Amino acid sequence: AFLVNQDGRIAYIGHPMGLDSVLEEVISGKHDLEAAVASNSVQLMVKKAMRTRDWAGVLKFIDAMLGKDKDRYAKLVLHKFEILLFYTKEYDKAYTVGRELLPTYLKDDVQMLTSVAWPTLDNKRIEKRDPDLALEAAKRANELTNGVESSILDTLAYAYYHKGDVKKALVLQKK
């Protein structure tokens, strides 16, 4: 699907499921086309880096964009977290970035909070886990869903399990 903004410029190209949030931004006049282009550029660079293994180049680009305007390019921070965690395996740096994300850019985004929590606990490629970060993200996602979303409760239970609180994990799993 694609979306053309009020200026006649393409504001979105992608899967129809991602269209709703962009459509709201375009209609309200809050869509930042330059930030969207930067995010798409990072995604393309990540795909290229997967072939060439040029993670340093992608991270340098992300840092440059964040240095230019951290608020405007906030979504790039999640890419940085994922690259550090999954590809360069710089776990301490990744978890530091993750901690910066939680109270700021991800604080109200259930899907992104879960994207930090679950892989941190369960992805087989991750050799060093951070159950504290996962628990913090899962707790916030659970708050946002009023404690009724089964997939979030499952993630929260798994985080408590990894923290050694099996009783709390079982209580949450039974919900």
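The values are calculated or read from the model by the stated rules, or taken from the named source; none is laboratory data. This one's a predicted model, so the numbers in the text were calculated from it and none came from an experiment. In this analysis, Cβ positions are derived from the backbone assuming ideal geometry, glycine residues included, and neighbour counts consider all displayed protein chains. To get the accessible areas, we keep the full protein, side chains included, count just its heavy atoms, and leave off ligands, DNA and RNA. Shrake-Rupley method; radii C 1.70, N 1.55, O 1.52, S 1.80 Å.
Computed values, structure above
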item: For region 82-112 versus region 7-28, the gap between their alpha-carbon centres in whole angstrom; result: 25 Å
item: 0 to 90° range, to nearest 10: angle between helix 150-162 axis and the chain longest Cα axis; result: 60 degrees
item: Cross-link reach list, aspartates and glutamates versus LYS47, counting only Cα pairs under 17 Å and skipping chain neighbours closer than eight places; result: GLU82
item: The chain, relative contact order in percent, only Cα pairs under 8 angstrom and at least six apart counted; result: 11 percent
item: Max mean-square fluctuation residue, GNM over the chain, Cα-Cα springs under 10 Å, options GLY164, GLY18, GLY147; result: GLY18
item: Nearby lysines by direct alpha-carbon distance to LYS175 (threshold 25 angstrom, same-chain neighbours under 8 apart not counted); result: LYS107, LYS139, LYS163, LYS167
item: Degrees between helix 131-144 axis and first principal axis of the chain (Cα, 0 to 90, nearest 10); result: 70 degrees
item: Cross-link partners of LYS30 among aspartates and glutamates (Cα-Cα below 17 Å; sequence separation of 8 or more within a chain); result: ASP7, ASP20, ASP69, ASP71
item: Per residue solvent-accessible surface (Å²) - the chain, probe of 1.4 Å; result: 60 Å²
item: As computed over the chain, the Cα convex hull volume per residue (Å³); result: 128 Å³
item: Within-11-Å neighbourhood charge of GLY147 [Cβ basis; K, R +1; D, E -1]; result: 0
item: Computed label-point distance, nm, for sites ALA1 and ASN146 using a 7 Å Cα→Cβ extension; result: 2.6 nm
item: Crossing angle, helix 91-101 versus the chain [Cα axis fit, 0-90 degrees, rounded to tens]; result: 70 degrees
item: By average C-beta atoms within 10 angstrom, highest first, the peptides 155-161, 103-109, 131-137; result: 155-161, 131-137, 103-109
item: Relative packing of peptides 2-12, 78-88 - highest average C-beta neighbours within 10 Å first; result: 78-88, 2-12
